[in-house]
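The structure under discussion appears below in the form of structure tokens.
The values are calculated or read from the model by the stated rules, or taken from the named source; none is laboratory data. Model, not experiment: these values are computed from the prediction. In this analysis, Cβ positions are derived from the backbone assuming ideal geometry, glycine residues included, and neighbour counts consider all displayed protein chains. Surface areas here come from the heavy atoms of the whole protein model, side chains and all, with no ligands, DNA or RNA. Shrake-Rupley method; radii C 1.70, N 1.55, O 1.52, S 1.80 Å.
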Amino acid sequence: MIQNVHQRYIHASAASVGELLESLSTKQDRLWPRGQWPSMRLDRPLGVGATGGHGPVRYVVDAYEPGRSVRFRFTGPSGFHGHHAFTVSETAEESIVLLRHELMMTVTGLSRATWPLFFRPLHDALIEESFDRAESETGNPPAVPAKRSLWVRVLRSVAALPKTRPSALRTMSGSLRR
């Protein structure tokens, strides 16, 4: 079982961080680091049953509490079995909120190699940049923004090559679903 958790304390109200969560996959998305990463896209507004994904990662929303949490169950790539979720939780301190992203899954087949070598480093960088964005959007930019590792920069440059991107991703993830 893979359990990958990222969390950050944000100096803001739960309502303001909840608004960031609510903007996921919209044209005014204020949480996802779109422009820097493949955009999160859903076939309808955020809610149970919405389907979509980002890049080669596909999912369906299977749990949703507006402004508090959203959970996405993986439908692709082949070999990903589980979910990822964002939650917003109040803390004992006024105006400090815990923003958490949790990925829990098992991997089978080729994904046993692609998760640690390809998907995990990119996932970790994307989520940390998302948290940086959350802090900036609530008026408190991070003191030390996330930095991409050399391996993440290499993977991004290889994946960005227009002629090799779809076939490279298809090879790494089994089958690329759009």
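The lone criterion from (1) over 30 Å from ALA15 (Cα atoms); (2) of a type outside the set (Gly, Ala, Ser); (3) at pLDDT 95 or above; (4) under 17 Å from the mean Cα position of the chain (by Cα) left unmet by ARG156 is number (3). Pairs linking a residue in segment 105-128 that is within 16 Å of SER78 (Cβ to Cβ) to a residue that is part of a strand (DSSP E or B) and among the polar types (S, T, N, Q), with Cβ atoms under 9 Å and 6 or more positions apart or on different chains, are MET105/GLN3; MET105/ASN4.
Comparison of GLY47, GLY55 shows that the only residue that is free of Cβ contacts under 8 Å to residues at least 60 places away in the same chain and either out of contact with any Lys or Arg (no Cβ under 8 Å at 6 or more places or on another chain) or over 21 Å from PHE131 (Cβ atoms) (or both) is GLY47. Can you tell me which of VAL60, VAL88 is farther than 30 Å from GLY139 by Cβ, buried (at least 17 other Cβ atoms within 10 Å of the Cβ), hydrophobic (A, V, I, L, M, F, W, C) and touching a strand residue (DSSP E or B) at 6+ places or on another chain (Cβ under 8 Å)? After ruling out the rest, the residue left standing is VAL60. GLY79 meets all of the listed conditions (1) crowded, with 19+ Cβ neighbours inside 10 Å; (2) on the phi < 0 side of the Ramachandran plot but one, namely (2).
Out of curiosity, is LEU42 under 14 Å from the mean Cα position of the chain (by Cα) and either open to solvent by less than 10 Å² (accessible area, probe 1.4 Å) or under 18 Å from GLU65 (Cβ atoms) (or both)? When the stated conditions are applied, LEU42 passes them.
Applying a threshold of 7 Å to beta carbon distances and a minimum spacing of six or more residues, or different chains, the list of pairs starting in segment 67-84 at a residue that is closer than 16 Å to ALA50 by Cβ and ending at one that is surrounded by fewer than 20 Cβ atoms within 10 Å (Cβ to Cβ) and modelled with pLDDT under 95 reads GLY76/ARG177.
Tell me, please, whether a residue that is open to solvent by less than 20 Å² (accessible area, probe 1.4 Å) and among the hydroxyl-bearing types (Ser, Thr, Tyr) can be found in segment 136-143. No: segment 136-143 contains no residue that is open to solvent by less than 20 Å² (accessible area, probe 1.4 Å) and among the hydroxyl-bearing types (Ser, Thr, Tyr).
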